[in-house]
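Notes follow the structure.
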Amino acid sequence: MKAFKPKVTLTEQVARHIENLIVFGQLDSGERIYEAAMAKQMEVSHGCIREGLLLLEKRHLVKNVPRKGAFVTELDDYFVRSLYETLELYLTHTGRKLVRQWQPEDLERLEQLYQQMEDCFNKNDLMAFLDLGVEYTKASLAYADNYFIIAAIDDLWPSARRCAFVAFKHGGKRVLEDNLAHMRESISAIKDRDEDRLSSLLRRYAMQQCQQVCDTNKTTG
């Protein structure tokens, strides 16, 4: 018997569509999202759009302002630095657990994802590279074993993807090369069960990408 897999709800589909518009810069920082226009474009009800926007507010991509409407969250320096500081704290904590407890299949999965990302880099496939980067980080959470951390990181992923796209879009191949180098070094630290080295790598990477996004904001703001 096949395992039951619930279908993705229409509200979730709407939220994912709008999420991608924001992540990939088709809706700008601070831009108002008009429910009526979005409902017409997507051929769904106003209520479905409203529910999708509530989901995106929980994921930090949208701010719903009473009597004014929904706006794309401002990608300012405060937001970006807050995001990377929080991700660093969570990922360093869970990374230490991974270093202590990983099994051969965990390392094999990380190495497979790294190889796929290297292939995407060679093909210059930015979108696939970005999505695989998220999968790589999720795979590294195998031993998080903490409901609140996992739930919080799930809600932070869309903003992390958004910032990564900004960094990649304006930094070009150099940023992709930095990501691959970080992953190579991280896998080596995990393999060696070196908690301190992995923590240092995660901290350095978070600071580096945070600065890249903030620098981009300065040049495009």
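The values are calculated or read from the model by the stated rules, or taken from the named source; none is laboratory data. Since the structure is predicted, the reported quantities are computational estimates derived from the model, not experimental observations. Note: ideal-geometry Cβ built from the backbone for every residue, glycine included; neighbour counts use all protein chains shown.
Restricting the first residue to segment 139-153 and requiring it to be under 20 Å from residue 110 (Cα atoms), which pairs with a second residue that is basic (Lys, Arg) meet a Cβ separation below 6 Å and a spacing of at least six or different chains? Qualifying pairs under 6 Å: 139/109; 143/97. Among the conditions (1) under 25 Å from residue 61 (Cβ atoms); (2) aliphatic (A, V, I, L, M); (3) in contact with a Leu (Cβ under 6 Å, 6 or more places away or on another chain), residue 187 misses just one, which is (1).
Checking residue 159 against (1) surrounded by 19 or more Cβ atoms within 10 Å (Cβ to Cβ); (2) under 16 Å from residue 126 (Cα atoms): exactly one of these is not met. Which one? The one condition residue 159 does not meet is (2). One residue alone among 167, 128 is out of contact with any Phe, Trp or Tyr (no Cβ under 9 Å at 6 or more places or on another chain) and over 21 Å from residue 82 (Cα atoms), and that residue is 128. Scanning segment 26-36 for residues that are touching a residue at least 12 places away in the same chain (Cβ under 8 Å) and loosely packed, with under 15 Cβ neighbours inside 10 Å yields 28, 30, 31, 32, 34. In the set 128, 189, only one residue is modelled with pLDDT of 95 or more and either surrounded by 18 or more Cβ atoms within 10 Å (Cβ to Cβ) or not acidic (Asp, Glu) (or both); that residue is 189. Contact map, segment 66-92: first residue under 29 Å from residue 144 (Cβ atoms), second residue basic (Lys, Arg) and surrounded by 14 or more Cβ atoms within 10 Å (Cβ to Cβ), Cβ cut-off under 6 Å, separation 6 or more or different chains; pairs are 73/63; 88/203. Selection over segment 37-92 of residues that are among the basic types (Lys, Arg) and crowded, with 19+ Cβ neighbours inside 10 Å gives a count of 0. Of all the residues in segment 167-221, those that are within 23 Å of residue 79 (Cα to Cα), hydroxyl-bearing (Ser, Thr, Tyr) and touching a residue at least 12 places away in the same chain (Cβ under 8 Å) number 5.
The number of residues in segment 6-29 that are aliphatic (A, V, I, L, M) and in contact with a Pro (Cβ under 7 Å, 6 or more places away or on another chain) comes to 1. Taken over segment 93-112, the criterion of being surrounded by 17 or more Cβ atoms within 10 Å (Cβ to Cβ) and touching an Asp or Glu at 6+ places or on another chain (Cβ under 6 Å) is satisfied by 99 alone.
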